[in-house]
Amino acid sequence: MSDITSVTPDREAELLARVPTGLLINGEWRDATGGKTFAVEDPATGKTLLELADATSEDALAALDAADAAQAAWARTAPRERAEILRRAFELVTERADDFALLMTLEMGKPLAESRAEVTYGAEFLRWFSEEAVRDYGRYVTTPEGKNKILVQRKPLGPCLLITPWNFPLAMATRKVGPALAAGCTVIIKPAKFTPLTTQLFVAVLQEAGVPAGVVNVVSSSSASGISAPLLKDQRLRKISFTGSTPVGRRLLADAAQNVLRTSMELGGNAPFIVFEDADLDKAVEGAMAAKMRNMGEACTAANRFLVQESVAEEFTAKFASAMAGLKLGRGTEADSKVGPLIDGGARKDVHALVTEAVSAGARVATGGAPVDGDGYFYAPTVLAGVPNDAEILKNEIFGPVAPITTFKTEEDAIRLANATEYGLASYLYTRDYARMFRVAEQIEYGMVGFNAGVISNAAAPFGGVKQSGLGREGGAEGIGEYTTTQYIGIADP
Ligand code: NAD
């Protein structure tokens, strides 16, 4: 690891001093009931960055009081006005990209260049939904019988609970807040306890952009269920939008069933990265690096299983392993760091357990294969070749910089292996044959397919999965509909 630090301690301290540490309820920053706080640490050093107010169930309900009280006026606010607030928020986040990027790197660990890319991606949801806010169409048609009319309009759902994960601290918040505000919903945000600082700074920007009191509330907390449980029981809440793991999503769906809540669930993935023998192998390696190593592999879209046609497996593995071995590890704030630490010690242990199991099942370590000694939760970029199809690593989300490779003979084999999982979020496909691209895309059970593309996230595209990867879509023309309900009025002819 390098000890060249590109960000000075003074700059870090100055930024941290500007992050609000309270709960945002009804437009005011306040302490948690009982005054408890929790520590947010830097995963590259294990040191505490800030102490934040630790919201209780009582605080969560106070946030719902505020969201409920603000709902009617926000729903009546002109769409253009809501759009302009979101547009101002987009501009403020973009102007302060360096602050947001550094804050994400400090609390999450990813290299600064990746944090900057996330700011661009995350801010785009604010711009995209500022444009969608004024294009929420309904319809007015004559009935098939030829008399009377049908008027269909979309209305905001009402107060929403937004629960976000730690891996993309800004983008996961903007991807929910953008469409919710555009649709006219008020929100309560519960960020992940590892990375709440970015959300705290983001909502301060929303306030500055003109979001009225009560429309956006934030209850950072060390107890996730202490926040979600009382809210899901309260009939004033109309929706939960959750991004996180499938087991937690499943539990929240069960709780949400009590009040028949609208739900959006962006859950885990087990993305196949399929390389056919006719692919441009250099481009496939470049795509594999992006699909695997973005966010150190801590992404729901991360390529989790590399399925490579037998005839090119050796060449692909050698090129991929050499590219992985060349990556520089280091604290995300170091200028030349390409791979940061994992989020915590537990995550690193889980990753290593999967590697160890695969090796004992017969996989060969082409590069990496072990934790890195020293400060922080670093793990060596790893390529495993010849992984048997029943290895645990192919069944579980790895959430780390490890690429297991397995081979296939025919297109049918590739499709069968790709679908052999309960997940169905992202998938990747490398081939020069467009007819094959359509054939395979048609048969694989995934919400998203990257065709000769290792990065597919885009605010203009509907992000989401099938099977146990979730329900609903974020972004694109579909995104705003997650926050609206349909009302129809039957109108008799005069
Ligand atoms: P997680 O499920 O542990 O936590 C996600 C959020 O839920 C956090 O805010 C957490 O505090 C909260 N939470 C945890 N337990 C809870 C409970 N019992 N009740 C209410 N809330 C609870 O997931 P994570 O480790 O933060 O994130 C990684 C997971 O998220 C991976 O599975 C990844 O694939 C998934 N993910 C999915 C997408 C997507 O768009 N599909 C995007 C990013 C991450």
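Quick one: which residue in Pro159, Pro196, Pro230 is surrounded by 20 or more Cβ atoms within 10 Å (Cβ to Cβ) and either in contact with a helix residue (DSSP H, G or I) (Cβ under 6 Å, 6 or more places away or on another chain) or over 23 Å from Asp99 (Cα atoms) (or both)? Let's see the steps before the verdict.
Details: Pro196 fails: either in contact with a helix residue (DSSP H, G or I) (Cβ under 6 Å, 6 or more places away or on another chain) or over 23 Å from Asp99 (Cα atoms) (or both); Pro230 fails: surrounded by 20 or more Cβ atoms within 10 Å (Cβ to Cβ).
When all the criteria are applied, what remains is Pro159.
If only one of Thr484, Thr431, Thr410 is free of Cβ contacts under 8 Å to residues at least 12 places away in the same chain, away from the ligand (no atom under 16 Å from the Cβ) and of a type in the set (Ser, Thr, Tyr), which one is it? Walk me through it before giving the result.
Working: Thr484 fails: free of Cβ contacts under 8 Å to residues at least 12 places away in the same chain; Thr431 fails: free of Cβ contacts under 8 Å to residues at least 12 places away in the same chain.
Result: Thr410 is the single residue among Thr484, Thr431, Thr410 that is free of Cβ contacts under 8 Å to residues at least 12 places away in the same chain, away from the ligand (no atom under 16 Å from the Cβ) and of a type in the set (Ser, Thr, Tyr).
Every residue in the range 194-233 that is polar (S, T, N, Q) and in contact (Cβ under 8 Å) with a residue 60 or more places away in the chain, please. Talk me through it step by step, then tell me what you get.
Going through the range 194-233, the residues polar (S, T, N, Q) turn out to be 195, 198-200, 207, 217, 220-223, 225, 228.
Scanning the range 194-233 gives Thr195, Thr198, Gln200, Gln207, Asn217, Ser220, Ser221, Ser222, Ser223, Ser228.
In the range 437-450, what residues are in contact with a strand residue (DSSP E or B) (Cβ under 8 Å, 6 or more places away or on another chain) and either assigned to a strand (DSSP E or B) or surrounded by fewer than 17 Cβ atoms within 10 Å (Cβ to Cβ) (or both)?
First, the residues of the range 437-450 that are in contact with a strand residue (DSSP E or B) (Cβ under 8 Å, 6 or more places away or on another chain): 437, 440-441, 444, 446-450.
Answer for the range 437-450, where residues must be in contact with a strand residue (DSSP E or B) (Cβ under 8 Å, 6 or more places away or on another chain) and either assigned to a strand (DSSP E or B) or surrounded by fewer than 17 Cβ atoms within 10 Å (Cβ to Cβ) (or both): Ala441, Met448, Val449, Gly450.
Checking the condition within 22 Å of the chain's Cα centre (by Cα) and over 28 Å from Ile85 (Cβ atoms), which residue from Ser225, Ser264 passes? Please lay out each step first, then the result.
Numbers: Ser264 fails: over 28 Å from Ile85 (Cβ atoms).
Criteria check complete, one pass: Ser225.
Which of the residues spanning the range 264-300 are in a helix (DSSP H, G or I) and polar (S, T, N, Q)? Working first, answer last.
So in the range 264-300, the residues in a helix (DSSP H, G or I) come out as 281-297.
Across the range 264-300, the qualifying residue is only Asn295.
Can you tell me which residue among Ala477, Ala453 is surrounded by fewer than 18 Cβ atoms within 10 Å (Cβ to Cβ), away from the ligand (no atom under 16 Å from the Cβ) and under 21 Å from Ile240 (Cα atoms)?
Details: Ala453 fails: under 21 Å from Ile240 (Cα atoms).
None of the others qualify; the one that does is Ala477.
Restrict the check to the range 237-258 and report whether at least one residue is assigned to a loop (DSSP other than H, G, I, E, B), surrounded by fewer than 24 Cβ atoms within 10 Å (Cβ to Cβ) and β-branched (Val, Ile, Thr).
Checked the range 237-258: no residue is assigned to a loop (DSSP other than H, G, I, E, B), surrounded by fewer than 24 Cβ atoms within 10 Å (Cβ to Cβ) and β-branched (Val, Ile, Thr).
Here is a list: Ala435, Ala420, Ala459. Which entry is among the hydrophobic types (A, V, I, L, M, F, W, C) and under 22 Å from Gly297 (Cβ atoms)? Even if it seems obvious, please write down each step before you answer.
Numbers: Ala435 fails: under 22 Å from Gly297 (Cβ atoms); Ala459 fails: under 22 Å from Gly297 (Cβ atoms).
Exactly one residue qualifies, and that residue is Ala420.
Every residue in the range 285-298 that is crowded, with 20+ Cβ neighbours inside 10 Å, away from the ligand (no atom under 16 Å from the Cβ) and over 17 Å from Leu384 (Cα atoms), please.
Scanning the range 285-298 gives a single hit, Gly287.
Is there any pair with a first residue in the range 284-299 that is touching a residue at least 24 places away in the same chain (Cβ under 8 Å) and hydrophobic (A, V, I, L, M, F, W, C) and a second that is part of a helix (DSSP H, G or I) and away from the ligand (no atom under 16 Å from the Cβ) whose Cβ atoms are under 7 Å apart and which are 6 or more apart or on different chains, and what are they?
Matching pairs, first to second residue: Ala284/Phe316; Val285/Phe316; Val285/Lys319; Val285/Phe320; Val285/Ala323; Ala288/Phe320; Met289/Ala323.
Going by what's in this entry, would Ala73 be described as touching a residue at least 24 places away in the same chain (Cβ under 8 Å) and within 19 Å of Leu161 (Cα to Cα)?
Numbers: touching a residue at least 24 places away in the same chain (Cβ under 8 Å): yes; within 19 Å of Leu161 (Cα to Cα): yes.
Judged against the criteria, Ala73 is a match.
Given the conditions (1) touching a residue at least 40 places away in the same chain (Cβ under 8 Å); (2) closer than 18 Å to Ala62 by Cβ; (3) touching a Ser or Thr at 6+ places or on another chain (Cβ under 6 Å), report the number of the one that Pro191 does not fulfil.
(1)
How about the range 93-212: which strands (runs of 3 or more DSSP E) wholly inside it have at least 2 residues that are over 23 Å from Trp74 (Cβ atoms) and away from the ligand (no atom under 16 Å from the Cβ)?
139-142, 149-156
Just to be sure before I move on: is Pro272 under 25 Å from the mean Cα position of the chain (by Cα) and either on the phi > 0 side of the Ramachandran plot or surrounded by 24 or more Cβ atoms within 10 Å (Cβ to Cβ) (or both) in the structure I sent?
On the way: under 25 Å from the mean Cα position of the chain (by Cα): yes; either on the phi > 0 side of the Ramachandran plot or surrounded by 24 or more Cβ atoms within 10 Å (Cβ to Cβ) (or both): yes.
Yes; evaluated as a whole, the condition is true for this residue.
Would you say Lys149 is in contact (Cβ under 8 Å) with a residue 60 or more places away in the chain, surrounded by 22 or more Cβ atoms within 10 Å (Cβ to Cβ), in contact with a Gly (Cβ under 9 Å, 6 or more places away or on another chain) and not hydrophobic (A, V, I, L, M, F, W, C)? Steps first, please.
On the way: in contact (Cβ under 8 Å) with a residue 60 or more places away in the chain: yes; surrounded by 22 or more Cβ atoms within 10 Å (Cβ to Cβ): no; in contact with a Gly (Cβ under 9 Å, 6 or more places away or on another chain): yes; not hydrophobic (A, V, I, L, M, F, W, C): yes.
Against the criterion (in contact (Cβ under 8 Å) with a residue 60 or more places away in the chain, surrounded by 22 or more Cβ atoms within 10 Å (Cβ to Cβ), in contact with a Gly (Cβ under 9 Å, 6 or more places away or on another chain) and not hydrophobic (A, V, I, L, M, F, W, C)), Lys149 does not qualify.
Computed from the coordinates by the stated procedures, all read-outs in this text should not be read as laboratory data. Keep in mind the model is a prediction, meaning the values are calculated, not measured. Glycine also receives a Cβ, built like all others from the backbone with ideal geometry; neighbour counts cover every protein chain displayed.
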